[in-house]
There are 2 protein chains.
Amino acid sequence: MKALRYENSKLALAEIPQPRAAGEALVRVTLSGICNTDVEIVRGYAGFQGTIGHEFVGVVEDAPSSESLLGQRVVGEINAGCGRCALCLAGDSRHCPERTVLGIVGRDGAHAEFLTLPAINLLPVPEEVSDRAAVFAEPLAAAWGITERVRVTKEISVVVIGDGKLGLLCAQALALTGAPALLVGKHPEKLRIAAARGIETETVDSLKARERTFDVAVEASGAESGFALALDLLKPRGVLVLKSTFHGATNINAARIVVDEISVVGSRCGRFAPALELLKENAVDVESLISEEYSLADGVHAMSRATMSGVLKVLLRR
Amino acid sequence: MKALRYENSKLALAEIPQPRAAGEALVRVTLSGICNTDVEIVRGYAGFQGTIGHEFVGVVEDAPSSESLLGQRVVGEINAGCGRCALCLAGDSRHCPERTVLGIVGRDGAHAEFLTLPAINLLPVPEEVSDRAAVFAEPLAAAWGITERVRVTKEISVVVIGDGKLGLLCAQALALTGAPALLVGKHPEKLRIAAARGIETETVDSLKARERTFDVAVEASGAESGFALALDLLKPRGVLVLKSTFHGATNINAARIVVDEISVVGSRCGRFAPALELLKENAVDVESLISEEYSLADGVHAMSRATMSGVLKVLLRR
């Protein structure tokens, strides 16, 4: 089968053997989405080698231990725990120290014709949710996951920094809580997507008057300058949610965190069930976040497109 | 009067006019303590110019608006708020954006013969507490302040990184909650002070087996390596308490914070009342933390001693 692989510091489309279910479920991928994490992996993040990609929708073709899944259209939680440690037994395989992560840690990913995952990781996609929407289940779960880590209500003022696809999803997800949310970015055409959903937007240069006025700031730009801006916008004892994973060290003003008693809260993955529910209710606009769609065969080109300024989600169709 | 001042990038003992109460209380300082923040200020932290020092005990000589304080032996909260903003009105002048801070921000400090502070900042020292103990009220309040920011109970495993005076105070304070606390440092003679109070200690090199086992890590070393070690020792979703204020930017592994969903919680000052209570009950050994005592006239020399490895608290007697 075809697979988009990163090996020996090179990204290439390769022909590899189709995986076998072998205790897991075999999924024929129909559509996958390119995430910034894929781009970071190709820059060396996480030291991963193999098939990249972790946002997908597909159809279960084989599931030895779970026949009810056969033929179902599914999305899948990307962390596969050991199933035996204290964290897994408590239901938190997302933090299992032995976990593999689809297309990120020790497990071939979704930019291929087939993938395998434990049957327990797969969730049927409601009929109302198209493939082009379902492929957002993973990043939307990650955006909604902020509410697992930080209390967000209509009394809490929130600013999201970064108008990329992650920032646009975070702003939309957090606005659903009723919190007055502001999205800050550099690209008027991207900010318009949030504005169309009734979310206040602002460009980076016009924020001076809003310094020290927010309870929660979400850093979704992946840039050091985004971290510094978040600190400027937060009230004392505010919460900075760190959402982007990026490669290398980040310079922060630690004294500022101490003096203003800021909390910096890391947030990675979220639960899929609420994300599917939001997609089913059409509560979040994901269609406007899709910039381009390519065939898997054009995966290398698609990856380079995904790094371009102004390009949001790039999809790979089988 | 004599005052130890940092001006135009130079630390010197100066002769300046004695301050007047003028709406505040006038305190004749009897003993002050040198904090690492004083050392950092002399390295450029906070851009402060003036008399340094913020740990003190003294006697009230003039208090126009609060005669009951006259003649009292006192310690003092170092943040003086504007008294009018929302934070001050809510009782949190520690985060007032217009605040001055004794010997740190816009207000002459404690390494002098006299200082002034609003009467509301001053707390009488219980008879049982000696001057040498009372001078620790401020740093002990800061150590105890961690419990305002993070839940610490006997079910929570805590590691404190750094066996300087701040780390030794934090470890002792947190151990009082019943939490199993480990103090990590490089200096056997300093670790022994904590061990004598029944606190487990470990040197930095022997920690491999304890990675990813702590719920809470307190960074009190002021070094980037301490931050990295704290991340190594924390469980997923653990809490890293950032306690040290230091000058300049810090390189952190932001991806690690996101992937393990760590919370980094800044903690600065704490309330004096519980600290005085702990000193009164002799719950914390501060006497062992005192390395040397000098006359204020020898302040410049004392400051250089305070930067030496192996030297803990240095006091300045009037």
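When you scan segment B:203-232, how many residues do you find that are away from chain A (no Cβ under 13 Å), open to solvent by 50 Å² or more (accessible area, probe 1.4 Å) and in contact (Cβ under 8 Å) with a residue 24 or more places away in the chain?
2
Checking the conditions here, which among A:156, A:257, A:199 is over 18 Å from the mean Cα position of the chain (by Cα) and within 14 Å of another protein chain (Cβ to nearest Cβ)?
Of the residues listed, the single one that is over 18 Å from the mean Cα position of the chain (by Cα) and within 14 Å of another protein chain (Cβ to nearest Cβ) is A:257.
Sort out which residues of segment A:26-57 are touching a helix residue (DSSP H, G or I) at 6+ places or on another chain (Cβ under 8 Å), free of Cβ contacts under 8 Å to residues at least 60 places away in the same chain and away from every other protein chain (no Cβ under 13 Å), and write them in order of number.
A:52
Open to solvent by 20 Å² or more (accessible area, probe 1.4 Å), touching a Ser or Thr at 6+ places or on another chain (Cβ under 7 Å) and either at pLDDT 95 or above or within 9 Å of chain B (Cβ to nearest Cβ) (or both): which single residue out of A:243, A:280, A:235, A:313 fits that description?
One residue alone meets the criteria, A:235.
Evaluate segment B:171-181: report whether one residue or more is within 14 Å of chain A (Cβ to nearest Cβ) and buried (at least 23 other Cβ atoms within 10 Å of the Cβ).
no
Need the failing condition index for residue B:89 against (1) over 25 Å from residue B:133 (Cβ atoms); (2) within 14 Å of chain A (Cβ to nearest Cβ); (3) open to solvent by 40 Å² or more (accessible area, probe 1.4 Å), just the number.
(2)
Would you be able to tell me the number of residues in segment B:182-202 that are open to solvent by less than 30 Å² (accessible area, probe 1.4 Å) and either assigned by TED's automatic domain parsing to the domain that holds residue B:283 or not in a helix (DSSP H, G or I) (or both)?
Final tally of qualifying residues: 5.
Got at least one residue in segment A:134-147 being of a type outside the set (S, T, N, Q), within 14 Å of another protein chain (Cβ to nearest Cβ) and touching a Ser or Thr at 6+ places or on another chain (Cβ under 6 Å)?
yes
Is it true that some residue in segment A:286-304 is open to solvent by 10 Å² or more (accessible area, probe 1.4 Å) and within 14 Å of chain B (Cβ to nearest Cβ)?
No, the conditions are met nowhere in segment A:286-304.
Suppose we filter A:288, A:295 for residues that are touching a residue at least 12 places away in the same chain (Cβ under 8 Å) and more than 20 Å from the chain's Cα centre (by Cα); which single one remains?
Step by step, each of A:288, A:295 is checked, and only A:295 is touching a residue at least 12 places away in the same chain (Cβ under 8 Å) and more than 20 Å from the chain's Cα centre (by Cα).
Assuming residue A:114 fulfils every condition listed in (1) over 19 Å from the mean Cα position of the chain (by Cα); (2) free of Cβ contacts under 8 Å to residues at least 24 places away in the same chain apart from one, which condition is it?
(2)
Based on what the data block shows, is residue A:104 in the same structural domain as residue A:6 (by TED's automatic domain parsing) and open to solvent by 20 Å² or more (accessible area, probe 1.4 Å)?
So residue A:104 fits the description; yes.
Do you know which of the residues in segment A:109-160 that are open to solvent by less than 10 Å² (accessible area, probe 1.4 Å) and of a type in the set (Val, Ile, Thr) is nearest to residue A:232 (Cα to Cα)?
The selected residue is A:159.
Taking residue B:33 as the residue in question, decide whether it is in contact with a Phe, Trp or Tyr (Cβ under 8 Å, 6 or more places away or on another chain), open to solvent by less than 10 Å² (accessible area, probe 1.4 Å) and not charged (D, E, K, R).
Against the criterion (in contact with a Phe, Trp or Tyr (Cβ under 8 Å, 6 or more places away or on another chain), open to solvent by less than 10 Å² (accessible area, probe 1.4 Å) and not charged (D, E, K, R)), residue B:33 qualifies.
For segment B:61-150, list the strands (runs of 3 or more DSSP E) that sit wholly inside it and hold at least 3 residues that are more than 22 Å from residue A:258 (Cβ to Cβ); which are they?
Ranges flagged: B:114-117, B:122-124.
If you take the residues in segment A:13-25 that are in contact with a helix residue (DSSP H, G or I) (Cβ under 8 Å, 6 or more places away or on another chain) and among the aliphatic types (A, V, I, L, M), which one is most open to solvent (accessible area, probe 1.4 Å)?
A:13
Can you name the number of the only condition in (1) within 14 Å of chain B (Cβ to nearest Cβ); (2) buried (at least 22 other Cβ atoms within 10 Å of the Cβ); (3) within 30 Å of residue B:97 (Cβ to Cβ) that residue A:270 fails?
(3)
Looking at (1) loosely packed, with under 15 Cβ neighbours inside 10 Å; (2) within 21 Å of residue B:99 (Cα to Cα), which is the only condition residue B:67 fails?
(2)
The values are calculated or read from the model by the stated rules, or taken from the named source; none is laboratory data. Owing to the predicted nature of the structure, the values given are computational and were not obtained by experimental measurement. Reconstructed Cβ throughout: ideal geometry from the backbone, glycine too, with neighbour counts over all protein chains shown. Each accessible area value is taken on the protein alone, full model and side chains, heavy atoms only, with ligands, DNA and RNA left out. Shrake-Rupley method; radii C 1.70, N 1.55, O 1.52, S 1.80 Å.
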